[in-house]
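Colleague: Below is the structure I would like to discuss, written out as structure tokens.
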Amino acid sequence: MAHNESAENPATTAPDPYAIAKRIRPAMTSLYVMYFRNAQQSDLTGPQLSIMTRLQEDGPCRINRLAEAEGVRMPTASNTVNQLEKRGLVRRIRDESDRRGVSVEMTPEGDAELSRVGEERTKYLSDMLGSLPEDDLFRLDELAEIVNILADNYVHDRSADSKE
């Protein structure tokens, strides 16, 4: 399909994903940079936060499963877990289903740090969104579900790609 800047008949033709991406990419890049620049109240990296979030949501997990779910190689996931373990944010435990295996779980300190960082970032994002007029907030509220679906689909696709 050609990437048209505008659809000939918008009532019957779905918008072109490429054209939408081209329109929003610069703004998304700017927002991404500003968000992470101003929300850096923690020295935890994005991958560390992602693994901690996964452990908090899904419970103890083997490193190979974390690597799969995160779409990274085993050594990368293992290094990330090692860094978190040194800081006391996660710990290794014997796998209940296979006593020879080792799983990783969050520590209470890890749960507290993840909650603190999450709250700070939510507050910062809330401040950004609070600058919008009420009508735009209503529209954004409707789009929030689509953004979450897109994120879920992207993470799922990344995990599937890493298995190939």
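The values are calculated or read from the model by the stated rules, or taken from the named source; none is laboratory data. Quick caveat: nothing in here was measured; it's all calculated off a predicted structure. We place every Cβ from the backbone using ideal geometry, glycine too, and count neighbours over all the protein chains shown.
Colleague: Restricted to segment 35-60, and to residues that are more than 15 Å from the chain's Cα centre (by Cα) and free of Cβ contacts under 8 Å to residues at least 60 places away in the same chain, which residue is nearest to LYS123 (Cα to Cα)?
Modeller: Per the stated criteria, the residue is GLN40.
Colleague: Taking into account only those residues within segment 102-128 that are hydrophobic (A, V, I, L, M, F, W, C) and under 19 Å from the mean Cα position of the chain (by Cα), which is surrounded by the most Cβ atoms within 10 Å (Cβ to Cβ)?
Modeller: MET106
Colleague: Looking at PRO26, is it modelled with pLDDT of 90 or more and closer than 30 Å to SER126 by Cβ?
Modeller: Yes.
Colleague: SER6 - would you say it is outside any helix (DSSP H, G or I), loosely packed, with under 13 Cβ neighbours inside 10 Å, at pLDDT below 95 and of a type in the set (Ser, Thr, Tyr)?
Modeller: The answer is yes for SER6.
Colleague: Testing GLU109 on (1) touching a residue at least 12 places away in the same chain (Cβ under 8 Å); (2) assigned to a strand (DSSP E or B), one condition comes back false. Which one is that?
Modeller: Checking GLU109 against (1) touching a residue at least 12 places away in the same chain (Cβ under 8 Å); (2) assigned to a strand (DSSP E or B), the one that fails is (2).
Colleague: Further question on the same structure: All but one of (1) touching a helix residue (DSSP H, G or I) at 6+ places or on another chain (Cβ under 7 Å); (2) assigned to a helix (DSSP H, G or I); (3) buried (at least 16 other Cβ atoms within 10 Å of the Cβ) hold for THR53, so report the exception by its number.
Modeller: Of everything listed in (1) touching a helix residue (DSSP H, G or I) at 6+ places or on another chain (Cβ under 7 Å); (2) assigned to a helix (DSSP H, G or I); (3) buried (at least 16 other Cβ atoms within 10 Å of the Cβ), THR53 misses just condition (3).
Colleague: Moving on to the next point. Contact list please: Cβ distance under 7 Å, first residue in segment 119-141 and over 13 Å from ASN38 (Cβ atoms), second residue in a loop (DSSP other than H, G, I, E, B), pairs at least six apart or on different chains.
Modeller: Partner pairs satisfying both residue conditions: LEU140/LEU132.
Colleague: Let me ask something else. Output the residues belonging to segment 27-50 that are in a helix (DSSP H, G or I) and under 19 Å from MET128 (Cα atoms).
Modeller: Residues satisfying the conditions are ALA27, MET28, THR29, SER30, LEU31, TYR32, VAL33, MET34, TYR35, PHE36, ARG37, ASN38.
Colleague: Looking only at residues in segment 102-115 that are touching a strand residue (DSSP E or B) at 6+ places or on another chain (Cβ under 9 Å) and more than 15 Å from PRO47 (Cβ to Cβ), which one is modelled with the lowest pLDDT?
Modeller: VAL102
Colleague: Let me ask something else about it. Condition first: of a type in the set (A, V, I, L, M, F, W, C) and either under 22 Å from ASP111 (Cα atoms) or within 18 Å of the chain's Cα centre (by Cα) (or both). Now tell me which residues in segment 61-85 satisfy that.
Modeller: Within segment 61-85, CYS61, ILE63, LEU66, ALA67, ALA69, VAL72, ALA77, VAL81, LEU84 meet the criteria.
Colleague: With the condition kept exactly as written, say whether any residue in segment 86-101 is within 26 Å of LEU66 (Cβ to Cβ), under 21 Å from the mean Cα position of the chain (by Cα), surrounded by 11 or more Cβ atoms within 10 Å (Cβ to Cβ) and modelled with pLDDT of 95 or more.
Modeller: yes
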